[in-house]
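The values are calculated or read from the model by the stated rules, or taken from the named source; none is laboratory data. Everything numeric in this text was worked out from a predicted model, so none of it was measured. With ideal geometry, Cβ positions are generated from the backbone for all residues, glycine too; neighbour counts draw on all protein chains shown.
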Amino acid sequence: MQTRLFRSLLLACAAASVCTPPAFAQPTLSVSFGHFMLRHHRSAADIFRIEHHDLAIEAGDFNGLSLGGELLVPVPLRAALGTFEAGVGASYSSRTVAATHSRVFNPDGSPIHRTLGHSQLPLALTVRWLPLGHPYRVQPYAGGGLALIRFHVLESGDFAARGTLFRDERYETTRTAVGPVVVVGLRVVSDRLALGVEGRHQTARGSFAPVFARVRDAEIDLHGWTLNGTIGLRLGRRP
């Protein structure tokens, strides 16, 4: 499904490049919609990797829809090649997974159920380099910056530890992590609109209290890619 989506966006960009007038620098307010994917290879202390030993879950189970918005402003810097933009934006992704214990069962043989939830709200400050500058309709770009990630983790249900079942427990926490973000993309612009595709990679680790969900010194690996389609409204008047 994701492949078909991005093929369609690329075709739309190609079509727009044929029929749109030359571009010019101006602020752009854009929205994005895409797919967030947590890194499959987790650190040894990652809460999802630890829980994977007992529960039938994978890190990929927490991948899902991402929605966001961003304001991009041209930066008046002179460069030998290309131009620059500064951006500030936020996105949101959330996923809840129903799991069962893989090695422990209720006394009657029925599965032991647990619910795990993960959501995050990254606020990113970025700078982008446009090698072709703003005068071209087709504008590739690359850049990076810093992301402040507000993340939420929930575990609820029945827990099994040292041969004992703990019924109807609930653990929930909201914390903040900071890390670098890299952005690469391509967009096609007209007088008022900008259509594009974008890949965004964030690198960060979050920590919990000394004990969370009966796990000591756990952390969460927030490394991951977001693949987006973007639609932007170009602000201001054409010079």
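Restricting to the stretch 121-140, count the residues that are closer than 16 Å to Leu77 by Cα and either part of a strand (DSSP E or B) or acidic (Asp, Glu) (or both).
The first filter runs over the stretch 121-140 and keeps only residues closer than 16 Å to Leu77 by Cα, leaving 126-135.
Then drop every residue that is not either part of a strand (DSSP E or B) or acidic (Asp, Glu) (or both), which leaves 126-130.
Of the residues in the stretch 121-140, 5 are closer than 16 Å to Leu77 by Cα and either part of a strand (DSSP E or B) or acidic (Asp, Glu) (or both).
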**Study point:** Some residue of the stretch 172-193 being over 24 Å from the mean Cα position of the chain (by Cα), in contact (Cβ under 8 Å) with a residue 40 or more places away in the chain and within 26 Å of His41 (Cβ to Cβ)
**Key:** no
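Conditions (1) modelled with pLDDT under 85; (2) part of a strand (DSSP E or B), marked per residue:
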site	(1), (2)
His40	yes, no
Phe48	no, no
Glu51	no, no
Gly60	no, no
Gly69	no, yes
Ala80	yes, no
Exercise for review: Give me the pairs, please: first residue somewhere in the stretch 35-56 and touching a residue at least 24 places away in the same chain (Cβ under 8 Å) and closer than 30 Å to Thr230 by Cα, second residue anywhere and part of a helix (DSSP H, G or I) and not small (Gly, Ala, Ser), beta-carbon distance under 7 Å, and either six or more positions apart or on two chains.
Suggested key: His35/Gln2; Leu38/Phe62; Arg42/Phe48; Arg42/Arg49
Revision key, fill the gap. Only one of (1) at pLDDT 95 or above; (2) charged (D, E, K, R); (3) crowded, with 17+ Cβ neighbours inside 10 Å does not apply to Arg114, and that is (1)
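Any residue that is under 23 Å from Val211 (Cα atoms) and in contact with a Ser or Thr (Cβ under 8 Å, 6 or more places away or on another chain) - is there at least one of those in the stretch 69-84?
Of all residues in the stretch 69-84, those under 23 Å from Val211 (Cα atoms) come to none.
Taking every residue of the stretch 69-84 in turn, none turns out to be under 23 Å from Val211 (Cα atoms) and in contact with a Ser or Thr (Cβ under 8 Å, 6 or more places away or on another chain).
Looking at the stretch 95-118, can you tell me whether even one residue there is within 21 Å of the chain's Cα centre (by Cα) and more than 20 Å from Glu219 (Cβ to Cβ)?
Taking the stretch 95-118 as the starting set, the residues that turn out to be within 21 Å of the chain's Cα centre (by Cα) are 95-97, 116-118.
Then drop every residue that is not more than 20 Å from Glu219 (Cβ to Cβ), which leaves 96.
The answer is yes, given that some residue of the stretch 95-118 is within 21 Å of the chain's Cα centre (by Cα) and more than 20 Å from Glu219 (Cβ to Cβ).
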Point to revise | Tabulated pairs, the stretch 117-140, first farther than 22 Å from Ser66 by Cα, second crowded, with 20+ Cβ neighbours inside 10 Å and polar (S, T, N, Q), C-beta under 7 angstrom, 6+ apart or interchain | key: Leu130/Thr83; Leu130/Gln139; Leu132/Gln139; Gly133/Thr83; His134/Thr83
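Could you count how many residues in the stretch 118-144 are β-branched (Val, Ile, Thr) and either buried (at least 20 other Cβ atoms within 10 Å of the Cβ) or within 30 Å of Phe48 (Cβ to Cβ) (or both)?
Adding up the residues that qualify gives 1.
From the list Val183, Val178, exactly one residue is in contact with a Phe, Trp or Tyr (Cβ under 8 Å, 6 or more places away or on another chain), under 25 Å from Ser91 (Cα atoms) and of a type in the set (Val, Ile, Thr). Which is it?
On the way: Val178 fails: in contact with a Phe, Trp or Tyr (Cβ under 8 Å, 6 or more places away or on another chain).
Being in contact with a Phe, Trp or Tyr (Cβ under 8 Å, 6 or more places away or on another chain), under 25 Å from Ser91 (Cα atoms) and of a type in the set (Val, Ile, Thr) holds for just one of Val183, Val178, which is Val183.
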Exercise for review: Considering only the stretch 146-239, give the strands (runs of 3 or more DSSP E) lying wholly within it that have at least 3 residues that are modelled with pLDDT of 90 or more and surrounded by 18 or more Cβ atoms within 10 Å (Cβ to Cβ).
Suggested key: 164-189, 193-202, 219-221, 224-234
Point to revise | Within the stretch 66-86, tally of residues that are over 15 Å from the mean Cα position of the chain (by Cα) and surrounded by fewer than 20 Cβ atoms within 10 Å (Cβ to Cβ) | key: 13
